[in-house]
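First comes the structure, then the notes that go with it.
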Amino acid sequence: MKPQLKEFLPGIVIDGKVGRQMSDALEDTKQLESDRKLGKVVIIELGTNGPFSSKTLNGVLDSLGDERQIMLVNTRVPRKWQATVNEMLAQAAEDRANVTLIDWYSYSADKADWFAGDGVHLKTEGAEAYVSLIADSIESISMNTSERRPETNFLVVSHVLHNVRLSK
């Protein structure tokens, strides 16, 4: 997915890591800020690997500040924490003016063929749909803010975007 997002958003920074948890995001985003890689728009796609507390989520969001646009991608994962994670992300988007929810859960409903047998990892068609949803969401924010997207404006903190490559 990295190549497709990089094509859509030249200069995007994608920081993906196997097994990343929301509890890692605070330290990771601080490091990215220190490295001057933290953009004005931050997309966080975490929750597939396990639940997190509202305190942890709010700590990450507070550290990013109100001046950044934050996009939270909810999850579709056949695990007991799916609903809890998605409810927490939706609540954060409702409570904060600078936070938007990207609803992967609804978008991928009834699309079992997008997923590998584990119901978590994406096949090519699912990965393409995932990138399309993120790209459309970013485009929507660009249109709503009436600002042209600067090239190095976006950061994706994720557990999934590190290892999927799409075939054309």
Checked against (1) in a helix (DSSP H, G or I); (2) modelled with pLDDT of 80 or more; (3) open to solvent by 50 Å² or more (accessible area, probe 1.4 Å); (4) not acidic (Asp, Glu), residue 143 satisfies every condition except (2)
Given the criterion assigned to a loop (DSSP other than H, G, I, E, B), more than 13 Å from the chain's Cα centre (by Cα) and of a type outside the set (Ser, Thr, Tyr), identify the matching residue among 62, 110. 110
Please verify whether residue 110 is farther than 18 Å from residue 18 by Cα and open to solvent by 80 Å² or more (accessible area, probe 1.4 Å), treating the condition exactly as stated. yes
With the structure loaded, tell me whether residue 127 is surrounded by fewer than 14 Cβ atoms within 10 Å (Cβ to Cβ) and at pLDDT 85 or above or whether it fails that test. no
The residue from 97, 135 that alone is touching a residue at least 24 places away in the same chain (Cβ under 8 Å) and open to solvent by 40 Å² or more (accessible area, probe 1.4 Å) is 97
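Would you pick out the residues in segment 47-68 that are polar (S, T, N, Q) and either surrounded by fewer than 23 Cβ atoms within 10 Å (Cβ to Cβ) or touching a Lys or Arg at 6+ places or on another chain (Cβ under 6 Å) (or both)?
Within segment 47-68, 49, 53, 54, 56, 58, 63 qualify.
The values are calculated or read from the model by the stated rules, or taken from the named source; none is laboratory data. Here the structure is a predicted model, which is why all the values come from computation and not from measurement. Cβ: placed from backbone, ideal geometry, glycine included. Neighbour counts: every protein chain shown. These accessible areas exclude ligands, DNA and RNA; they are computed on the full protein's heavy atoms, side chains included. Shrake-Rupley method; radii C 1.70, N 1.55, O 1.52, S 1.80 Å.
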